[in-house]
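Following: one structure in structure tokens, then a few remarks.
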């Protein structure tokens with residue numbers, strides 16, 4: 001009968017350290033959570049900062065390209081898009097049907113266009129933000145009368161043709177004397193990409209536009225995506 005108070009005191013003696021332990025664990029949890037939130041906030045801040053920087057570089061580069069080529073693009077049969085691609089959209093000017101040899105008119109355009117284009121991209125303002133300059137070759141889904149459009153044969157034949165055309169274009173512009181000083185940098189960033197009919201252009205009624213689908217595009221990629229990926233990886 002008289003042992004119960006002693007037992008209660010013993011239980012209280014055990015509960016006090018246990019409550020302290022729970023409090024300590026809760027504090028550790030809160031510190032870990034706070035640290036995690038701080039890391040995530042820092043990562044989000046860095047991502048937002050890169051996004052703002054990318055937008056600034058993107059918009060400035062678009063303005064500089066538009067200013068440089070605004071009088072030339074119409075007579076070249078070309079157009080500048082907001083994604084920073086410059087599209088040469090008149091297939092008869094570019095190549096002979098079924099050939100990867102550059103037409104004289106296209107060579108003359110590249111003689112004028114490419115050195116001025118690279119002078120902008122390789123300037124101190126943009127050079128360190130650019131990871132790739134893509135020469136893209138695109139075709140329609142047609143090959144010849146004996147090959148059904150959108151067939152595997154048409155796709156693979158057009159793939160070989162578009163790849164050959166972009167290689168011919170890359171070889172020609174790399175050999176231009178006006179860009180000889182930028183050649184080491186161009187070897188790191190300039191690529192040739194034949195895409196066959198994978199990115200067709202369509203008319204307003206939803207049908208393929210076979211003429212406009214045949215084109216050569218110069219496209220710029222920046223380091224924004226790779227920087228964001230590195231931040232996310234570190235924050236994991």
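Computed values, structure above
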{"quantity": "Meets criteria (modelled with pLDDT under 95, part of a loop (DSSP other than H, G, I, E, B) and more than 23 Å from residue 210 (Cα to Cα)) for residue 145", "calculated": "no"}
{"quantity": "Within region 83-98, tally of residues that are in a loop (DSSP other than H, G, I, E, B) and touching a residue at least 40 places away in the same chain (Cβ under 8 Å)", "calculated": "5"}
{"quantity": "Any chance residue 201 is at pLDDT below 95 and on the phi < 0 side of the Ramachandran plot", "calculated": "no"}
{"quantity": "Condition check for residue 105: surrounded by fewer than 19 Cβ atoms within 10 Å (Cβ to Cβ) and under 23 Å from residue 62 (Cβ atoms)", "calculated": "no"}
{"quantity": "Only one of 157, 144 that is crowded, with 17+ Cβ neighbours inside 10 Å and farther than 30 Å from residue 118 by Cα", "calculated": "157"}
{"quantity": "Neighbours by Cβ (under 9 Å, 6+ apart or cross-chain): first from region 178-199, farther than 20 Å from residue 217 by Cβ and outside the structural domain of residue 114 (by TED's automatic domain parsing); second modelled with pLDDT of 95 or more and surrounded by 19 or more Cβ atoms within 10 Å (Cβ to Cβ)", "calculated": "none"}
{"quantity": "Residue within region 145-161 that is within 19 Å of the chain's Cα centre (by Cα) and closer than 27 Å to residue 111 by Cβ present", "calculated": "no"}
{"quantity": "Count of residues meeting criterion [surrounded by fewer than 17 Cβ atoms within 10 Å (Cβ to Cβ), modelled with pLDDT of 95 or more and either under 22 Å from the mean Cα position of the chain (by Cα) or not assigned by TED's automatic domain parsing to the domain that holds residue 137 (or both)] in region 69-98", "calculated": "3"}
{"quantity": "Meets criteria (surrounded by 13 or more Cβ atoms within 10 Å (Cβ to Cβ) and modelled with pLDDT of 95 or more) for residue 177", "calculated": "no"}
{"quantity": "Residues within region 99-131 that are part of a helix (DSSP H, G or I), more than 17 Å from residue 67 (Cβ to Cβ) and at pLDDT 95 or above, tallied", "calculated": "9"}
{"quantity": "Cross-chain or 6+ apart pairs with Cβ under 7 Å, region 99-127 first and assigned by TED's automatic domain parsing to the domain that holds residue 58, then exposed (fewer than 13 other Cβ atoms within 10 Å of the Cβ) and in a loop (DSSP other than H, G, I, E, B)", "calculated": "103/96"}
{"quantity": "Any hit, region 40-52, residues being in contact with a strand residue (DSSP E or B) (Cβ under 8 Å, 6 or more places away or on another chain) and either closer than 15 Å to residue 135 by Cα or at pLDDT below 95 (or both)", "calculated": "no"}
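The values are calculated or read from the model by the stated rules, or taken from the named source; none is laboratory data. Since the structure is predicted, the reported quantities are computational estimates derived from the model, not experimental observations. Quick reminder, even Gly has a Cβ in these numbers, built from the backbone with ideal geometry, and neighbours come from all protein chains shown.
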